[in-house]
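Chemist: Got a structure for you, written out below as structure tokens; questions coming shortly.
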Amino acid sequence: MPRAVIALLILIGCAVPAQAEPLVADISESVVKITTGFTGTKVLLFGAIEGKGKVVVIVEGPRHTITVRRKERIAGIWINRDTLQFVDAPSFYQVLASDTLDEWLPLRTREDHQIGVEYLNLKPKAKVGPAEKAEFRDALIRNMQRIGRYGALEENVKLLGGQLFRADLYLPANLPTGYYNIKAMLVRDGEVKSVKSTPLLVTKAGIGAEVFRMAYSYPALYGIVAIIIAVLAGLGANAIFRKV
């Protein structure tokens, strides 16, 4: 029997109003392996709530320093001009909810819990004015949305029978590796009443993982091997074309 089904049955048995946790949640798999030909995947989040309420889920990837560049067209050529780095920015961010957020979730709650990309606390490394910060911040969000790493899937959390819920977490092919935080929140009367965080590890597997590990652990050796392979490939192609 699939793990998700077993866990749902356990949740049903534990969802006794007098004794249950306000919110319990889990995911169908705790490790996502990126192999050659990886095209993205889907992870099931499931859980139960006590009493009435709505559920909001935030999927947040590893945090990094992200650089945003401003391009300017000079003599018909686009070149990079100013840059701004944002420190401790999520490399992946997705919001899921049981209903459209703008229709029921107060702005104060969204700001306090950073629910939605427009409420992310993105901190620039350098000191800049408010207008310039807003311009680069909007550019960062647009860039991440364009490659599918920032987004929202409202009405994607399904409430079942008033207590159980489930949501499909869609993870794209260009998924960054590292530890992800899957955070489910129970919201009642516009306030977050309970939060449950579940870790998810995204890692490379197969020959791609070995190449990545070699490049990271032994960069000099990796460079030498890459040069040798390139030279051998060039010699082989040259030999083939000579025969032709």
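Chemist: Taking the residues in the stretch 167-201 that are touching a helix residue (DSSP H, G or I) at 6+ places or on another chain (Cβ under 8 Å) and assigned to a strand (DSSP E or B) as candidates, determine which candidate is surrounded by the most Cβ atoms within 10 Å (Cβ to Cβ).
Modeler: V187
Chemist: Would you point out which residue out of A167, A233 is closer than 23 Å to G148 by Cα and either modelled with pLDDT of 60 or more or not polar (S, T, N, Q) (or both)?
Modeler: The unique qualifying residue is A167.
Chemist: Another question, then. Please pick out the residue among D82, D112 that is closer than 30 Å to D189 by Cα and surrounded by fewer than 14 Cβ atoms within 10 Å (Cβ to Cβ). Give the steps one after another, and end with the answer.
Modeler: On the way: D82 fails: closer than 30 Å to D189 by Cα.
Residue meeting the stated conditions: D112.
Chemist: Consider M144 against the criteria (1) modelled with pLDDT of 95 or more; (2) buried (at least 16 other Cβ atoms within 10 Å of the Cβ); (3) in a strand (DSSP E or B): it satisfies all of them except one. Which criterion is unmet?
Modeler: For M144, the failing item is (3).
Chemist: Is it the case, given these coordinates, that E118 is at pLDDT below 95 and within 18 Å of the chain's Cα centre (by Cα)?
Modeler: Numbers: at pLDDT below 95: yes; within 18 Å of the chain's Cα centre (by Cα): yes.
Judged against the criteria, E118 is a match.
Chemist: Here's a follow-up. Which numbered condition in (1) outside any loop (DSSP other than H, G, I, E, B); (2) in contact (Cβ under 8 Å) with a residue 12 or more places away in the chain; (3) not basic (K, R) is the only one that A131 fails?
Modeler: Of (1) outside any loop (DSSP other than H, G, I, E, B); (2) in contact (Cβ under 8 Å) with a residue 12 or more places away in the chain; (3) not basic (K, R), only one is false for A131: (2).
Chemist: (1) farther than 27 Å from T65 by Cβ; (2) free of Cβ contacts under 8 Å to residues at least 12 places away in the same chain: which one isn't true of G162, the others all being true?
Modeler: Failing condition for G162: (2).
Chemist: Taking E118 as the residue in question, decide whether it is surrounded by fewer than 16 Cβ atoms within 10 Å (Cβ to Cβ) and within 26 Å of G51 (Cβ to Cβ).
Modeler: no
Chemist: Can you tell which of R110, R137 is more than 16 Å from the chain's Cα centre (by Cα) and within 22 Å of A167 (Cβ to Cβ)? Steps first, please.
Modeler: On the way: R137 fails: within 22 Å of A167 (Cβ to Cβ).
When all the criteria are applied, what remains is R110.
Chemist: While we're looking at this one, here's another question. Does D88 qualify as being surrounded by 12 or more Cβ atoms within 10 Å (Cβ to Cβ), assigned to a strand (DSSP E or B) and at positive phi?
Modeler: On the way: surrounded by 12 or more Cβ atoms within 10 Å (Cβ to Cβ): yes; assigned to a strand (DSSP E or B): yes; at positive phi: yes.
It is true that D88 is surrounded by 12 or more Cβ atoms within 10 Å (Cβ to Cβ), assigned to a strand (DSSP E or B) and at positive phi.
The values are calculated or read from the model by the stated rules, or taken from the named source; none is laboratory data. In this text, all values refer to a predicted model and were calculated from it rather than measured experimentally. Neighbour counts run over all protein chains shown; Cβ positions are idealised from the backbone, glycine included.
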